[in-house]
Every structure is written in structure tokens, then in C-alpha cells.
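The values are calculated or read from the model by the stated rules, or taken from the named source; none is laboratory data. None of these values were measured; they are calculated from a predicted model. Note: ideal-geometry Cβ built from the backbone for every residue, glycine included; neighbour counts use all protein chains shown.
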Protein chains: 2
Amino acid sequence: MPRTADGGTIGAMSETARPDFHRTVPPGDTETRAVCRKCGYVHYDNPKIVVGSVVRAEGGILLCRRAIAPRRGYWTIPAGYLELNETPQDGARREALEEACAAVEVRDLLAVYSVARLSQVQLIWRATLKGPIAAGDESLEVHLFDWETIPWDELAFPSVHWALRHDREAASGAPVPFTNPPGETGDTLPDGTRMQG
Amino acid sequence: MPRTADGGTIGAMSETARPDFHRTVPPGDTETRAVCRKCGYVHYDNPKIVVGSVVRAEGGILLCRRAIAPRRGYWTIPAGYLELNETPQDGARREALEEACAAVEVRDLLAVYSVARLSQVQLIWRATLKGPIAAGDESLEVHLFDWETIPWDELAFPSVHWALRHDREAASGAPVPFTNPPGETGDTLPDGTRMQG
């Protein structure tokens, strides 16, 4: 999908009928916005809320190998965008169900992470697995990992690293919720890889 | 501004050039969305993030009397929509500055509230006042209230009630963050008044 200059997603029905956006300050506004030359639509972009959970089971921690961009083939915790009229806890439950066919009990809030570059706030919950798992449409495979077998070099996002480590600290009695680790903005992986987009 | 059927805000440059939205399922999508007949724009609406703080000072708790809709004339804590590329803590600081000209130190997270009806997630922080206060553009007046003088019958939103009570509990040592009080959805005030919009 085409994107506005400020990173917002702009959808279009087809290549033949699509908006023609330019940047201008709408009447009564103080900021430049993406405005469609065809219909006058003003695109107001907003930060996005990601909800997810670190799901624990007897057999380990649930991770999903992504079947979709970005970071296809890399491992993540079940997480995604909060939907309209949904509570964050319901959203975290839905994401576990969609990505890992996993019924989970959502417990307390593990972390509030912020990735300002993406205008993203992440609400990550502690959760307990209540049944079997299987790859959902957005996952190539799902697996329960022992701490020692977590594929650290193949984790999808910086915040997956943070969440796994914070969940381990929480299990040892550290107070929750965590926020970004000191100095971390979510722009780079621990090995120095710069995130795209 | 016109609104989509799902409650999203849709802007328009003028009455003569404006989008012509209808509800349909875009190709490759599974949900009905607002789509413009003129340009094919697909409006993807997302939940909104509200950031704010309960600001404590020697003289009491900071409240602002709203100069704008909704709930003009009623009292609220400094809070508003998170902006693009902003961390929630920075957003809470900005709102205190805008609404009460107040420099504040943002401390720990007091609460994560959800108002599913409005597709709203609220991140409310504990904060300490660091200087003088004065009414900003969106406030009729600002004031530091002792607990006993808080105008409970003139608070703007259910979550202002929650935040003030939770902040008091936190000051007494209760663990944070709080979530919605049990059974509360943010749809009614304590006196039974149904919230509009």
C-alpha cells in the first residue's frame, strides 16, 4: 500500500481509482497533512497500538515464525494491532488465537514499550497457555521454546528481545510493567542490525 | 468533521471538494471499510491512544477546567491524544504543558484504561509538578485541589474519577498500574450519567 510522507498507511481500491495525495496545511489546521487532490480528503494519521503477550506453558515460551512481512521467517511473540472497539486484553487474546491457534489466559501487564520511529505503543501482557498450539495463517510454524533454545539470532523485532528478558525477570519477582530498556528506541537489534521501515 | 460509520474522523478540505464515502469490503480485505467513490481511498480506522497524568504538588492535585468540547466546563486531569513519533511519557509531559502551562516530572505508570466504545486506550502516569501553573488554550482555569475539595460532581470523564482514586491508592502503596475498575467500561459517570459520543 502507498504510504504518506509521515509514514501512515493509505489504502486504495485499485490502481485505476486511487487517491492523489499532496502535502498541504488544511484550513483551520496548523500542521501539513496528506490531502487528496481528487476529493479533498485530509489524512489524519495517529499512533498505533500493538497488543501482544509472552505466553508461558509447561513446555516453554510460545513463539511464532512469521509468514508475513515485515521480517518473514523470523520468530516473534503473538502480537498485532489493536482493533476498533477492542480492549487491549481482548486484543492480546485474539492475536494468540490468530497466530498460534492458542487459547491463553491473559494475566498482568508485562510492559509498555514505545517505538517512536513507527509511532507505535506496545502493550505486552503476561499470559498462560490453556491448550494446544498450531500455526495460524500469519505463522509458518509455532513452537514452545525452553529459555536455552530460544533462537535469539532469529527474533523478529527488538521488542521481542525485551519482552522475553522482561518476562524472565518478572517470573523472578521483578515489578511490572517494564518500559523500554534504558537508551533503547527499538531502532536496532542487539546484533546492531538497523530495523527497516 | 464528518465521521465514518465506525466512528472514525474523516477530514475534508471544503464543502465543494470532499470525499464521497460508502461502506464496502475492499479487494483482499475481510472487513467493510469506508471507501471514497471519487478516488478509491480506503479509510482504515485505528484505536486512539490517550496519554495523561495525575500531577501532584504540595498544594494538591492539578485539575484543568475544559475550555473545549466534549464536556466543556468540567474538570479533568491533563490528558490528550498521543502524537506521531512521540513516546507516551513525552506526550503526558506535553499535555500538562499545553493545558496547564505546567512543567512536570513524569514518574511511573499509574493506569492503563480502555474505553472500547471510543476505541480508546488511556495511559495515565504519576507525575510531580515542578513549577507554577496557568490555564492553557484548552483550559478555562487550572487549580490545585486538596482531596476534600475535588469537584467530584463536575469531573469530565469516568476515567478522571478512576485515575484520582487510583493515584490515592498508589500513594498509599498499592501496586501500579491499575486497569479499569471491575465492571467499568467508561460508558457512565458514577452518578449514572451516560457519556455521549
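Results for (1) over 26 Å from B:R33 (Cα atoms); (2) of a type in the set (A, V, I, L, M), shown as yes or no for each residue.
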{"position": "A:A34", "(1), (2)": "no, yes"}
{"position": "A:G52", "(1), (2)": "no, no"}
{"position": "A:E58", "(1), (2)": "yes, no"}
{"position": "A:R94", "(1), (2)": "no, no"}
{"position": "A:E99", "(1), (2)": "no, no"}
{"position": "A:V106", "(1), (2)": "yes, yes"}
{"position": "A:L109", "(1), (2)": "yes, yes"}
{"position": "A:L123", "(1), (2)": "no, yes"}
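Which of the residues spanning segment A:103-156 are farther than 30 Å from B:E86 by Cα and touching a Cys at 6+ places or on another chain (Cβ under 9 Å)? Give the steps one after another, and end with the answer.
Applying the first criterion (farther than 30 Å from B:E86 by Cα) to segment A:103-156 yields A:103-105, A:128-137, A:139-151.
Those that are farther than 30 Å from B:E86 by Cα and touching a Cys at 6+ places or on another chain (Cβ under 9 Å): A:G131, A:P132, A:I133, A:A134, A:A135, A:G136, A:S139, A:L140, A:E141, A:V142, A:H143.
Taking only segment B:168-197 into account, find how many residues are of a type in the set (A, V, I, L, M, F, W, C) and not in a loop (DSSP other than H, G, I, E, B).
Initially, segment B:168-197 is screened for residues of a type in the set (A, V, I, L, M, F, W, C), giving B:170-171, B:174, B:176, B:178, B:189, B:195.
Among the residues that remain, those that are also not in a loop (DSSP other than H, G, I, E, B) are: B:170-171, B:178.
Final tally of qualifying residues: 3.
If I ask for residues that are part of a helix (DSSP H, G or I) and either of a type in the set (G, A, S) or within 14 Å of chain A (Cβ to nearest Cβ) (or both), which ones from segment B:96-112 would you list? Working first, answer last.
Residues of segment B:96-112 part of a helix (DSSP H, G or I): B:96-100.
Across segment B:96-112, the qualifying residues are B:A96, B:E98, B:A100.
If I go through segment B:138-158 residue by residue, how many of them are touching a Ser or Thr at 6+ places or on another chain (Cβ under 8 Å) and aromatic (F, W, Y)? Reasoning before the result, please.
From segment B:138-158, those touching a Ser or Thr at 6+ places or on another chain (Cβ under 8 Å) are B:155-158; that's our starting set.
From what is left, the residues that are aromatic (F, W, Y) are B:157.
Residues in segment B:138-158 being touching a Ser or Thr at 6+ places or on another chain (Cβ under 8 Å) and aromatic (F, W, Y): 1 in total.
Take segment B:35-85 and flag every residue that is among the basic types (K, R), part of a strand (DSSP E or B) and within 27 Å of A:D45 (Cβ to Cβ).
Going residue by residue through segment B:35-85, those that are among the basic types (K, R) are B:37-38, B:48, B:56, B:65-66, B:71-72.
Imposing the further condition that a residue be part of a strand (DSSP E or B) reduces the set to B:48, B:56, B:65-66.
Matches in segment B:35-85: B:K48, B:R66.
Quick check on my filter: what residues within segment A:109-156 are among the acidic types (D, E) and either in contact with a Phe, Trp or Tyr (Cβ under 7 Å, 6 or more places away or on another chain) or buried (at least 23 other Cβ atoms within 10 Å of the Cβ) (or both)?
Keep residues of segment A:109-156 that are among the acidic types (D, E), which gives A:137-138, A:141, A:146, A:148, A:153-154.
A:E154, the sole residue that qualifies.
Tell me which residues, restricted to segment A:129-162, are in a strand (DSSP E or B) and over 15 Å from the mean Cα position of the chain (by Cα).
First, the residues of segment A:129-162 that are in a strand (DSSP E or B): A:129, A:139-145, A:155.
A:L129, A:L140, A:E141, A:V142, A:H143, A:L144, A:F145, listed by residue number.
Which one is nearest to the chain's Cα centre (by Cα) among residues in segment A:168-197 that are within 18 Å of A:G60 (Cβ to Cβ) and small (G, A, S)? Steps first, please.
Looking only at segment A:168-197, we keep the residues that are within 18 Å of A:G60 (Cβ to Cβ), and these are A:168-172.
Imposing the further condition that a residue be small (G, A, S) reduces the set to A:170-172.
On the way: A:A170: 21, A:A171: 22, A:S172: 25 Å.
Among those that are within 18 Å of A:G60 (Cβ to Cβ) and small (G, A, S), it is A:A170.
Considering every residue within segment B:86-94, establish whether at least one is away from chain A (no Cβ under 12 Å), in a helix (DSSP H, G or I) and either under 18 Å from A:T179 (Cβ atoms) or free of Cβ contacts under 8 Å to residues at least 40 places away in the same chain (or both).
Checking segment B:86-94: at least one residue is away from chain A (no Cβ under 12 Å), in a helix (DSSP H, G or I) and either under 18 Å from A:T179 (Cβ atoms) or free of Cβ contacts under 8 Å to residues at least 40 places away in the same chain (or both).
Out of A:R165, A:R126, I need the residue that is assigned to a helix (DSSP H, G or I) and over 13 Å from the mean Cα position of the chain (by Cα). Which one? If you could, list the steps in order and put the result at the bottom.
Working: A:R126 fails: assigned to a helix (DSSP H, G or I).
None of the others qualify; the one that does is A:R165.
Would you confirm whether or not segment B:188-196 contains a residue that is at negative phi, surrounded by 14 or more Cβ atoms within 10 Å (Cβ to Cβ), touching a helix residue (DSSP H, G or I) at 6+ places or on another chain (Cβ under 6 Å) and more than 14 Å from chain A (Cβ to nearest Cβ)? Before the answer, list the steps.
Start the filter on segment B:188-196 by keeping residues that are at negative phi, which leaves B:188-191, B:193-196.
Among the residues that remain, those that are also surrounded by 14 or more Cβ atoms within 10 Å (Cβ to Cβ) are: B:189, B:195.
Checking which are touching a helix residue (DSSP H, G or I) at 6+ places or on another chain (Cβ under 6 Å) leaves us with B:189.
Those left that are additionally more than 14 Å from chain A (Cβ to nearest Cβ): B:189.
Looking for residues that are at negative phi, surrounded by 14 or more Cβ atoms within 10 Å (Cβ to Cβ), touching a helix residue (DSSP H, G or I) at 6+ places or on another chain (Cβ under 6 Å) and more than 14 Å from chain A (Cβ to nearest Cβ), one finds at least one in segment B:188-196, hence yes.
Under the condition of being of a type in the set (K, R) and without any contact (Cβ under 8 Å) to a residue 40 or more places away in the chain, which residue from segment B:34-57 is nearest to the other protein chains (Cβ to nearest Cβ)?
We begin by selecting, within segment B:34-57, every residue of a type in the set (K, R); these are B:37-38, B:48, B:56.
Narrowing the set further to residues that are without any contact (Cβ under 8 Å) to a residue 40 or more places away in the chain leaves B:37-38.
Numbers: B:R37: 9, B:K38: 4 Å.
The selected residue is B:K38.
Can you pull out every residue in segment B:165-180 that is surrounded by fewer than 21 Cβ atoms within 10 Å (Cβ to Cβ) and within 12 Å of B:W147 (Cα to Cα)?
B:R165, B:R168
Could you give me the residue pairs with C-beta distances under 6 Å whose first residue belongs to segment B:58-76 and is on the phi < 0 side of the Ramachandran plot and hydroxyl-bearing (S, T, Y), whose second residue is assigned to a strand (DSSP E or B) and at pLDDT 95 or above wherever it lies, and which are 6+ apart or on separate chains?
If the second residue must be assigned to a strand (DSSP E or B) and at pLDDT 95 or above, the pairs left are B:Y74/B:R66; B:T76/B:C64; B:T76/B:R66.
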